[in-house]
Amino acid sequence: MTDAAPTVRYEQPETGIARIVLARSEKHNAIDPQMIFDMNDAFNRALYDDAIKVIILAADGRNFSAGHDIAGTVEEYMAAMQAHPRKVGHWSGFQEEATHGWYAAEKEGYLETARRWRNIAKPTICAVQGKCIAGALIFPWVCDLIIAANNAVFSDPVVTFGVSGVEWLAHPWELGARKAKEFLFTSDTWSAEEAWRLGMVNHVVQLDQLADFTLAMARKIAAKPAFALKMTKEAINKTLDIQGQATAIDAAFSLHHLCHTQNFRVYGWGMDPTNVPGLAKVPERPKADG
Ligand code: ZN
């Protein structure tokens with residue numbers, strides 16, 4: 001599952017600004033376990049470099065990300081996740097059978113990493129172009145600001161194959177509860193304009209302006225006092241936590257795993273849509289033609 005090529009690239013486009021770039025464009029930046037932990041390393045590098053004040057998360061290629069890389073079998077994917085040596089959370093049992101090991105791997109690779117990136121003590125800005133599907137939503141959603149190109153589209157079709165949304169269930173907070181239900185129940189793909197209208201996206205810009213607009217935003221923020229930026233982020237994130245966001249996401253993660261277990265009991269591994277007879281066809285992933 002692991003590419004020899006780096007899955008992310010670390011750049012410093014200007015003083016005080018780091019840019020982490022998803023660099024698997026030949027696979028539409030599909031997220032494999034290596035990318036998750038490479039992302040974590042890149043966030044650490046930016047976090048612990050006191051000269052960096054703002055972090056941009058961007059992606060090479062036509063699409064931001066096609067989501068979790070389940071081009072192979074789910075068994076292969078989970079084996080790679082479970083075997084990965086770098087850990088960020090407090091869980092264990094990665095090599096255990098069935099739900100025990102799967103829960104540990106997803107808690108580590110999706111929940112704990114997402115929470116860690118969401119709480120990084122520096123402003124983060126995500127720049128999104130093209131498709132951003134399912135597990136890929138976690139990346140912009142853990143950032144403080146989201147800039148979308150006018151060709152960006154967002155979807156989370158996993159209900160179609162029997163799972164209650166991706167592992168980081170921030171949908172009600174990002175879209176509002178009623179629209180979050182529609183987004184998940186229908187598996188529809190929503191435009192950047194619709195995401196902006198719902199408050200999920202800060203700005204929609206022309207595709208060819210995405211990098212410059214995002215960098216200009218980072219530059220404006222980087223001019224502010226670092227401690228005030230940290231405290232402002234902490235204050236707003238704590239507000240969400242006090243409203244119950246963290247607890248709600250934890251509860252939803254357990255329900256997500258109840259779905260995995262149901263699918264496992266009924267269909268075998270089950271998250272692989274080809275193993276789920278009778279379910280609607282899952283929307284096609286982007287073709288790997290560049
Ligand atoms: Zn899962």
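The values are calculated or read from the model by the stated rules, or taken from the named source; none is laboratory data. Treat the numbers as computed from the prediction; the structure is a model and nothing was measured. FYI the Cβ positions are ideal-geometry reconstructions off the backbone, even for glycines, and counts take in every protein chain you see. Calculation scope for accessible area: heavy atoms of the full protein, side chains included, ligands and nucleic acids excluded. Shrake-Rupley method; radii C 1.70, N 1.55, O 1.52, S 1.80 Å.
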Can you tell me which of Leu137, Leu111 is more than 22 Å from Val201 (Cβ to Cβ), modelled with pLDDT of 95 or more and in a helix (DSSP H, G or I)? Leu111
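Here is a yes/no grid of residues against (1) within 16 Å of the ligand (Cβ to nearest atom); (2) surrounded by 15 or more Cβ atoms within 10 Å (Cβ to Cβ); (3) assigned to a loop (DSSP other than H, G, I, E, B):
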| site | (1), (2), (3) |
| --- | --- |
| Ile146 | no, yes, no |
| Gly165 | yes, yes, yes |
| Trp168 | yes, yes, yes |
| Glu174 | no, yes, no |
| Asp212 | no, no, no |
| Arg219 | no, yes, no |
| Glu234 | no, no, no |
| Ala248 | no, yes, no |
| His256 | yes, yes, no |
Considering (1) among the acidic types (Asp, Glu); (2) closer than 19 Å to Phe37 by Cβ; (3) in contact (Cβ under 8 Å) with a residue 40 or more places away in the chain, say which one Glu112 fails and leave the rest. (3)
Return a yes/no flag: does region 1-9 have any residue that is in contact with a Ser or Thr (Cβ under 6 Å, 6 or more places away or on another chain) and open to solvent by less than 10 Å² (accessible area, probe 1.4 Å). no
For region 73-102 the number of residues that are free of Cβ contacts under 8 Å to residues at least 12 places away in the same chain and open to solvent by 80 Å² or more (accessible area, probe 1.4 Å) is 4
Pick from region 149-163 the residues that are in a loop (DSSP other than H, G, I, E, B) and not charged (D, E, K, R): which of them is nearest to the ligand (Cβ to nearest atom)? Val163
Might you check whether a residue that is modelled with pLDDT of 95 or more and within 27 Å of Lys87 (Cα to Cα) occurs anywhere in region 147-162? yes
Please enumerate the residues belonging to region 184-210 that are closer than 12 Å to Ala148 by Cβ and either of a type in the set (Lys, Arg) or part of a helix (DSSP H, G or I) (or both). Ala192, Glu193, Glu194, Ala195, Trp196, Arg197, Leu207, Gln209, Leu210
So which residues in region 263-290 are closer than 17 Å to Thr160 by Cα, more than 12 Å from the ligand (Cβ to nearest atom) and either hydrophobic (A, V, I, L, M, F, W, C) or modelled with pLDDT of 55 or more (or both), if there are any at all? Val266, Tyr267, Gly268, Val276, Leu279, Ala280, Val282
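Conditions (1) at positive phi; (2) under 19 Å from the mean Cα position of the chain (by Cα), marked per residue:
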residue: Asp32; (1), (2): no, yes
residue: Gly67; (1), (2): yes, yes
residue: Gly89; (1), (2): no, yes
residue: Ala98; (1), (2): yes, no
residue: Trp102; (1), (2): no, yes
residue: Glu112; (1), (2): no, yes
With respect to the numbered conditions (1) open to solvent by less than 50 Å² (accessible area, probe 1.4 Å); (2) within 30 Å of Gln206 (Cα to Cα); (3) modelled with pLDDT of 95 or more, which one is the sole condition not fulfilled by Arg62? (1)
Expected output for region 35-56 (first residue surrounded by fewer than 23 Cβ atoms within 10 Å (Cβ to Cβ), partner part of a strand (DSSP E or B) and of a type in the set (S, T, N, Q), Cβ below 8 Å, 6+ apart or cross-chain) is Ile52/Gln12
What single numbered condition from (1) away from the ligand (no atom under 14 Å from the Cβ); (2) touching a helix residue (DSSP H, G or I) at 6+ places or on another chain (Cβ under 6 Å) fails to hold for Ala114? (1)
